[in-house]
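**Q** First the structure, then my questions, so here it is.
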Amino acid sequence: MSKPTIILATSNGVGMGHLVRATAIAISLKDVANPIIVSMAGGISEIPSYLGIRCEYIPGRDRLWMSRDKWDKYLRDRLVALIEETDAQVLSFDGAVPYPGVVAARSAKPKLTLVWVRRGLWQKTLLRFALGIQTSMMDAVIEPGDFAREYDHGPTSKRHEAITAAPVSLFNEEQALSREEARQQLKLDLKRPAVLVQLGTGDLDVNQKMTAALEGLIGWKDLQVVVTKEPIDKAGNSLVPAGL
């Protein structure tokens with residue numbers, strides 16, 4: 001019997017959290033299904049050659065190449081085309097809130113099973129008011145485990161519709177690089193201290209936190225600072241404080 005096709009879609013992000021989680025799930029599914037990763041994250045380009053998993057890149061709405069309503073239709077059409085091509089039975093979305101284009105793809109393909117991989121530890125933002133309606137559109141909600149779950153007092157912590165899973169990690173100790181090998185790959189000095197600053201997505205609030213975090217590093221002797229995106233705001237102004 002042929003293996004079912006499962007599409008693992010992820011939102012974009014400054015970091016790699018959604019994409020890494022989808023990749024870990026795809027690896028675990030390879031023996032029983034044909035996983036396809038669909039993502040708006042640019043890092044997806046590295047996955048096919050390294051792991052042998054089919055991937056599709058969809059430019060995110062943050063590219064501002066089209067209006068939001070046009071982008072939602074574009075996302076829907078890309079997903080529907082992939083579903084029809086592969087006869088996928090399941091579409092999983094890993095992101096803060098499923099995009100309208102994701103929900104619209106399900107409307108176009110009513111036999112499709114739609115799953116939301118929804119992280120816990122939500123902040124009390126306006127997004128919490130969308131939880132009920134977004135959840136009602138899903139066939140299943142899966143909450144990947146967090147080591148800090150006991151400290152989760154956010155909007156999702158009192159809800160009971162999610163299937164709770166163990167923490168999902170791509171890390172494999174047998175395949176991991178040593179500290180020295182990793183630093184060589186990143187072209188970091190082996191003898192100097194190094195700090196990775198990666199604060200997630202957002203605009204003003206995250207920009208302020210980025211500057212504050214960098215200010216806290218001023219004065220560290222011989223420090224190497226690594227960031228996952230150029231430290232500038234939307235206007236192109238540097239977020240790096242003087243003296244760093």
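**Q** Basic (Lys, Arg) and within 15 Å of the chain's Cα centre (by Cα), is that true of residue 61?
**A** yes
**Q** Right, here's the next one. Quick one: which of 91, 121, 82, 75 is within 19 Å of residue 57 (Cα to Cα), among the aliphatic types (A, V, I, L, M) and touching an Asp or Glu at 6+ places or on another chain (Cβ under 8 Å)?
**A** Going through 91, 121, 82, 75 in turn, just one is within 19 Å of residue 57 (Cα to Cα), among the aliphatic types (A, V, I, L, M) and touching an Asp or Glu at 6+ places or on another chain (Cβ under 8 Å): 82.
**Q** Can you tell me which residues in the range 85-110 are of a type outside the set (Gly, Ala, Ser) and without any contact (Cβ under 8 Å) to a residue 12 or more places away in the chain?
**A** Hits for the range 85-110 are 85, 110.
**Q** What about residue 19, is it at pLDDT 95 or above, of a type in the set (A, V, I, L, M, F, W, C), in a helix (DSSP H, G or I) and buried (at least 18 other Cβ atoms within 10 Å of the Cβ)?
**A** no
**Q** While we're looking at this one, here's another question. Filter the range 28-50 down to the residues that are among the aliphatic types (A, V, I, L, M) and either surrounded by fewer than 16 Cβ atoms within 10 Å (Cβ to Cβ) or at pLDDT below 95 (or both) and list them by number.
**A** Hits for the range 28-50 are 32, 40, 41, 44, 47.
**Q** Turning to a different aspect of this structure: When the residues of the range 122-156 are narrowed to those that are touching a helix residue (DSSP H, G or I) at 6+ places or on another chain (Cβ under 8 Å) and of a type in the set (Val, Ile, Thr), which ends up farthest from residue 108 (Cα to Cα)?
**A** 156
The values are calculated or read from the model by the stated rules, or taken from the named source; none is laboratory data. Here the structure is a predicted model, which is why all the values come from computation and not from measurement. Neighbour counts are summed over all protein chains in view; Cβ atoms, including those assigned to glycine, are modelled from backbone coordinates with ideal geometry.
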